[in-house]
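For reference, the structure discussed in these notes is given below.
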Amino acid sequence: MSGLAIALVAVLAAAAVVIVCLPFLREPVVEDDRLDAPTAEEEQRLTLAEERDRALAALKELEFDHRTGKVGDEEYRELLPSLRQSAAEALRALDRAQSDGEPA
Amino acid sequence: MADLGRAALVVSFGLALYAFVVGAFAARLNRRRLADSARNALVVCFFSTLVASAVLATALVRHDFSFSYVAAHTNRTLPWIYALTAFWGGQEGSLLLWLLVLTGYGALAVAMNRRLLRDLVAWVVPVLGGIATFFSFMLVAVASPFNVQTAPVDGAGLTPSLQNPYMVAHPPMLYLGYVGLSIPFAFAAGAMLSGRTDERWIVATRRWTLAAWTFLGFGQLLGAHWAYVEVGWGGYYAWDPVENAALMPWLAATAFLHSVMIQERKGMLKVWNMVLVALAFELSVFGTFLTRSGVVNSIHSFAQSSVGGWFLAFVVISSVFSLVLILWRLPLLQAKTKLESALSREATFLYNNLLLVALCLTILWGVLFPIVTELVKGESRTIGRPYYDFFLRAFGLPLLLLMGIGPLIAWRRTSARALLKSLTWPIATALVTGVVLIVAGAGASRPGLIAYTFSAFVIAAIVVELVRGTRATGSLFRLVGRNRRRYGGYIVHFAIVLLAIGIAGSSAYGTNVERQLRPGQSTTVDGYRLAYQGVDPIVNDPNRTGQYAVLRVSGPWSGTLRTGNVTYTGFDETDNDVGIKTDWLRAQDLYVIADFQKGSNVVFFNVLVKPLVNLIWVAGIVFLLGALVAMWPDAREQRRLVLRLAPARA
């Protein structure tokens, strides 16, 4: 191996070691080294937020499908209340979960 | 410099192994700094692989024949651009490209999601690290591109069929597609390993999947055009196992892109989506195995060696890993809602998925059949074109029809009356098209007629959908801007229709005749008059020898057409350099292959007239446009997703 190649490999290896060790060099001592994974409550909030978005998107989609003629007036009148109810329930559930999670 | 390349690969292997082992350890034990360290290892792995790639590229361009790989795949007369394409012209270089793209994609994907999805990324890193470990191990221990030798005076040269401008873009494009499918796979596996099977992994990988799918689709079209202009048999797709190897993951990814929308909207098909994403990834590795192992005969298997066994083992291990993960997480993947009606948008997506997967598995069986018969009966039996053509029609035509019906059906449910009302214009357009075609004499080919009428149906359905949507929103731009993914998808549907018309036109309504001509003689084929004027030999070209027949053409296209045989320096075989002239008004090609007879001035000409074939290449451009529209970032959606995910991170 030529001198230049050895020097380049040494630089590459040293840079790799420094970058890999960077999290420990930056924070040699930490109080909490856990991954900030969502707690059970946060997971539940996330699920409820997904359900809320899904319900609102379904409502929006129904409106659009009705305006473009894919859904007839009769079907629209039939589907709208249940979708509105689902969206309202999802919003209420999310609000409840968020207020439960807030510090008193 | 070979030492530098080899050392850089050893560093890459070490970093990938670290990301794999330490990353898994950190995620399992919930250690933040260790997980960050593993993530950094994956990012640095890309840079060390980049150094190794730069060393190989430099050696190729400089014709450094002390590298065995360079001597085996280039020679001094090779233009520098083809010397560079030799990077992916051989086995070892292709593996290096795999690793480079994988680590590049991986580094970018984990860096982009490191803050919002830290817990998920912690599990994604070891999955990507595991894949990178396999490829870097292969490069270090099994198929190194940095083996050295005493430099010979000249190299063996690059396979002649690879000396084509398309080879500059086609293989890297396919690799960007193949390898890109590792990202959704890694996030899906990460979601299952972490037990967080909500929508976050889908949101994080949506554009990655679209990008990989686009590269794979466009790469295949580039390959088809390469086969058309370079291989010189008059076709563009031969159902070759290696061609099929790229088509299968694309079909699985297409199914996934559709079914994932059902999960986003209805929370259904979670298991199915995991299966599809794993299938697409496994098929992409299987494709590399097919290309590199030599277990099947293919014109694309440019390099064959013992790496096949390693790849097969990797495919088996990763398939078992995926299966076990899905079975383990089945309780988390249960749907909360059910399909409400067989007449709904989600139902059409489901039918589309079944057809796409059926087509994919049918092709897989065709590819595996020679291997299975070899193992069972001791003699390899291949499946021919009629098998593939039959199933392409059986599954492809209903798929085409669904592309027209799907956009006009509402989510949840649609009444038969509303559907029929929506379909009035498309059905009328299809019927009129069919009648006009029969009257015009195009009824001779039933598949062609069906493909054309179905295509008219789909185009009319897209137009109806756009017109109604524009009326509802007041502006076409507003309509597309509000849902880029959907309308980008419709542009892609239009590209598929162009593809179907091009395939049907060129195969069902084409002409293929053979003529023997001496200088001064002429013939007429489908309105083209071809007058053979004489031979024009190649002179003063150090890279090629050969001769061209010069034809004077008049008719739909007028001018001089040259078609000949070429032998590249260092190779014995002679290749066709076909003459192609395009009549853009009809999207039609005049395609002439010349076969010179030794000791005679008679030339055998194979003259093909291929109507509408150019729509296939136009479809490629439209496909790219549609994919770009679908991928274009949507600031409103981004804000909504950040707001949704933010509480979980607060």
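Just checking, does the range A:63-73 include any residue being surrounded by fewer than 17 Cβ atoms within 10 Å (Cβ to Cβ) and more than 7 Å from every other protein chain (Cβ to nearest Cβ)?
Yes, some residue in the range A:63-73 is surrounded by fewer than 17 Cβ atoms within 10 Å (Cβ to Cβ) and more than 7 Å from every other protein chain (Cβ to nearest Cβ).
So B:Leu34 passes all but one of these: (1) more than 18 Å from B:Arg114 (Cβ to Cβ); (2) facing chain A (nearest Cβ under 9 Å); (3) free of Cβ contacts under 8 Å to residues at least 40 places away in the same chain. Which condition number does it fail?
Only one criterion is unmet by B:Leu34, namely (1).
Assess whether B:Val110 counts as being touching a helix residue (DSSP H, G or I) at 6+ places or on another chain (Cβ under 7 Å), modelled with pLDDT under 95, surrounded by 22 or more Cβ atoms within 10 Å (Cβ to Cβ) and within 16 Å of B:Phe46 (Cβ to Cβ). Working first, answer last.
Details: touching a helix residue (DSSP H, G or I) at 6+ places or on another chain (Cβ under 7 Å): yes; modelled with pLDDT under 95: yes; surrounded by 22 or more Cβ atoms within 10 Å (Cβ to Cβ): yes; within 16 Å of B:Phe46 (Cβ to Cβ): yes.
When the stated conditions are applied, B:Val110 passes them.
Quick one: B:Asp583 ticks every box in (1) modelled with pLDDT of 90 or more; (2) among the charged types (D, E, K, R); (3) crowded, with 16+ Cβ neighbours inside 10 Å bar one, so which box is it?
(1)
Keeping to the range B:592-629, report how many residues are surrounded by fewer than 20 Cβ atoms within 10 Å (Cβ to Cβ) and in a strand (DSSP E or B).
So the count comes out to 4.
Tell me which of these B:Phe571 doesn't satisfy, since it passes every other one: (1) touching an Asp or Glu at 6+ places or on another chain (Cβ under 8 Å); (2) not in a helix (DSSP H, G or I); (3) not hydroxyl-bearing (Ser, Thr, Tyr).
(1)
Within the range B:548-563, which residues are surrounded by 17 or more Cβ atoms within 10 Å (Cβ to Cβ) and outside any loop (DSSP other than H, G, I, E, B)?
B:Tyr548, B:Ala549, B:Val550, B:Leu551, B:Val553, B:Leu561, B:Thr563
What residue, among those in the range A:1-60 that are of a type in the set (S, T, N, Q) and closer than 30 Å to A:Arg84 by Cβ, is farthest from the chain's Cα centre (by Cα)?
So the residue we want is A:Gln44.
Looking only at residues in the range B:167-199 that are of a type in the set (Gly, Ala, Ser) and away from chain A (no Cβ under 14 Å), which one is farthest from B:Phe218 (Cα to Cα)?
Step by step, filter the range B:167-199, then rank; the result is B:Ala189.
Anything in the range A:1-16 that is surrounded by 15 or more Cβ atoms within 10 Å (Cβ to Cβ) and closer than 21 Å to B:Arg39 by Cα? List them, or say none. Walk me through how you get there before you give the answer.
We begin by selecting, within the range A:1-16, every residue surrounded by 15 or more Cβ atoms within 10 Å (Cβ to Cβ); these are A:5, A:8-9, A:12-13, A:16.
Selection gives A:Leu12, A:Ala13, A:Ala16.
If the requirement is being within 9 Å of chain B (Cβ to nearest Cβ), more than 23 Å from B:Leu419 (Cβ to Cβ) and either surrounded by fewer than 18 Cβ atoms within 10 Å (Cβ to Cβ) or of a type in the set (A, V, I, L, M, F, W, C) (or both), which of these qualifies: A:Leu46, A:Leu56?
Answer to the check: A:Leu46.
Look at B:Asn601 and say whether it is away from chain A (no Cβ under 14 Å), modelled with pLDDT under 90 and under 23 Å from B:Pro160 (Cα atoms).
no
For the subset of the range B:301-341 comprising residues that are farther than 15 Å from B:Met274 by Cβ and modelled with pLDDT of 90 or more, which member is surrounded by the most Cβ atoms within 10 Å (Cβ to Cβ)? So that I can check it myself, show each step before the final result.
Narrowing the range B:301-341 to residues farther than 15 Å from B:Met274 by Cβ: B:301-317, B:336-341.
With modelled with pLDDT of 90 or more added as a condition, the list becomes B:313-317.
Values: B:Ala313: 12, B:Phe314: 21, B:Val315: 18, B:Val316: 11, B:Ile317: 12.
Per the criteria, the residue is B:Phe314.
Within the range B:42-59, can one find any residue that is of a type in the set (Ser, Thr, Tyr), closer than 25 Å to B:Thr288 by Cβ and in contact with a Pro (Cβ under 8 Å, 6 or more places away or on another chain)?
No - not one qualifying residue is present in the range B:42-59.
Taking the options A:Leu48, A:Leu12, name whichever one is closer than 17 Å to B:Val10 by Cα and in contact with a Leu (Cβ under 9 Å, 6 or more places away or on another chain).
Being closer than 17 Å to B:Val10 by Cα and in contact with a Leu (Cβ under 9 Å, 6 or more places away or on another chain) holds for just one of A:Leu48, A:Leu12, which is A:Leu12.
Looking at A:Asp36 and the list (1) assigned to a helix (DSSP H, G or I); (2) out of contact with any Leu (no Cβ under 9 Å at 6 or more places or on another chain); (3) within 7 Å of another protein chain (Cβ to nearest Cβ), which single condition is not satisfied?
(1)
Sort through B:Gly546, B:Gly570, B:Gly502, B:Gly488 and tell me the only one that's in contact (Cβ under 8 Å) with a residue 60 or more places away in the chain, under 30 Å from B:Gly155 (Cβ atoms) and not assigned by TED's automatic domain parsing to the domain that holds B:Trp226.
Only one candidate passes the filter, namely B:Gly570.
Can we say A:Val30 is in a loop (DSSP other than H, G, I, E, B) and either more than 7 Å from chain B (Cβ to nearest Cβ) or exposed (fewer than 15 other Cβ atoms within 10 Å of the Cβ) (or both)?
Criteria met by A:Val30.
So, B:Thr414, is that one under 21 Å from B:Leu466 (Cα atoms), at pLDDT 90 or above and either of a type outside the set (Val, Ile, Thr) or surrounded by 18 or more Cβ atoms within 10 Å (Cβ to Cβ) (or both) or not?
On the way: under 21 Å from B:Leu466 (Cα atoms): yes; at pLDDT 90 or above: no; either of a type outside the set (Val, Ile, Thr) or surrounded by 18 or more Cβ atoms within 10 Å (Cβ to Cβ) (or both): yes.
For B:Thr414, the condition - under 21 Å from B:Leu466 (Cα atoms), at pLDDT 90 or above and either of a type outside the set (Val, Ile, Thr) or surrounded by 18 or more Cβ atoms within 10 Å (Cβ to Cβ) (or both) - is not met.
Conditions first: (1) within 26 Å of B:Leu290 (Cα to Cα); (2) modelled with pLDDT of 95 or more. B:Leu42 passes all but one, so which condition is the exception?
Against the list (1) within 26 Å of B:Leu290 (Cα to Cα); (2) modelled with pLDDT of 95 or more, B:Leu42 comes up short only on (1).
The values are calculated or read from the model by the stated rules, or taken from the named source; none is laboratory data. The shown structure was predicted, so the numbers you read here are calculated from the model rather than taken from an experiment. Cβ: placed from backbone, ideal geometry, glycine included. Neighbour counts: every protein chain shown.
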